[in-house]
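The values are calculated or read from the model by the stated rules, or taken from the named source; none is laboratory data. These numbers come from a predicted model, not from an experiment. Methodologically, a virtual Cβ is constructed for each residue, glycine included, from the backbone with ideal geometry; neighbour enumeration extends over all protein chains shown. Please note that ligands, DNA and RNA were not included when accessible areas were found on the heavy atoms of the full protein model with its side chains. Shrake-Rupley method; radii C 1.70, N 1.55, O 1.52, S 1.80 Å.
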Amino acid sequence: MNCNNLAIALKNVDLLEESYQVATEGLNYSDFEELHQTRTDALSKLEDYDRLKDALVLYFDTYQVTLSDLDEMRNELMEDQSTEDESDLVFPSCYQMFVYQLEVNYHLGLSSDIQGEAQYLLEHIYQFYINHPTLNDYHYRDFEAAKNGVEGIIYDILEPNDRDYRIQYYSDMAQQYPHEAQPQYILMQLYNEISDYSAIVAAAQTYLKKKGIYHR
């Protein structure tokens, strides 16, 4: 715990390598899950994807968690939601580890279908919030961080495609997940590129409405 607190403090002042080293040293004394999370976060910020890959191998070998496991957890929570107190709802921290795995696969070219992998993870995260919209502020921030990470990677993946393809993708996402503001934000930019002002206004108004309803 002390090693993790120090590693977090170092990370918060951008001493990322030092943070990674302290968290790694801490794992010699305790297999504390938060130590894995702190050092992977430091490596992600360093954009050191080779070491991040190794750190994730250790994490997943240790905890043996898969997205299928989260499917089961989500289904159990859905069944019990009527009896749950809002403060009991947890956004599983391992989602962020799957986001880091996606980063590694994207930047090191390790996936044969990186877009499909990213889309599956994003929709998994979206669905968790659809099922549990009463996450408290602490866990809502974790949800936001995870989904923003995947959304950013998908944006980069789609960037080489032509504008019409990207407009269609984000239009479909806006229709499928109407509670999410990010597709409208990207549509504003894409419509601006072709000076489609009526579409810009419509996307902007929807975006602001979504942020007003869902932003915390």
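The charge dipole of the chain, taken about the Cα centre with unit charges on the Cβ atoms of Lys, Arg (+1) and Asp, Glu (-1), comes to about 780 debye, rounded to the nearest 20.
Evaluate the stretch 5-57: find the radius of gyration of its Cα atoms, find its Kirkwood radius, and give the ratio Rg to Rh.
Details: Rg = 9.8 Å, Rh = 10.5 Å.
Radius of gyration relative to Kirkwood radius: 0.93.
The length gained by stretching the chain between Gln115 and Gln168 to full extension, at 0.36 nm per residue less their Cα-Cα distance, is 17.6 nm. For the chain, the normalised intensity computed at q = 0.13, 0.14 Å⁻¹ comes to -0.86, -0.98 (log10 of I(q)/I(0), Debye sum over alpha carbons, equal scatterers, no solvent).
When nucleic acids and ligands are ignored and a 1.4 Å probe is applied, Val150 ends up with an accessible area of around 0 Å². Computed over every Cα-Cα pair of the stretch 86-166 and binned at 5 Å starting from 0, the pair-distance distribution P(r) comes out as 3, 15, 25, 21, 15, 11, 6, 3, 1 percent. Expressed as a whole percent, the accessible area of the chain that falls on carbon and sulfur atoms is 49 (1.4 Å probe).
With R₀ fixed at 35 Å, the C-beta to C-beta distance from Arg51 to Leu208 puts the FRET efficiency at about 0.30.
The number of Lys pairs in the chain with C-alpha atoms less than 25 Å apart, excluding pairs fewer than 8 positions apart on the same chain, is 9.
In a fully extended conformation the segment linking Ala145 and Phe60 would gain 28.6 nm over its present Cα-Cα distance, using 0.36 nm per residue.
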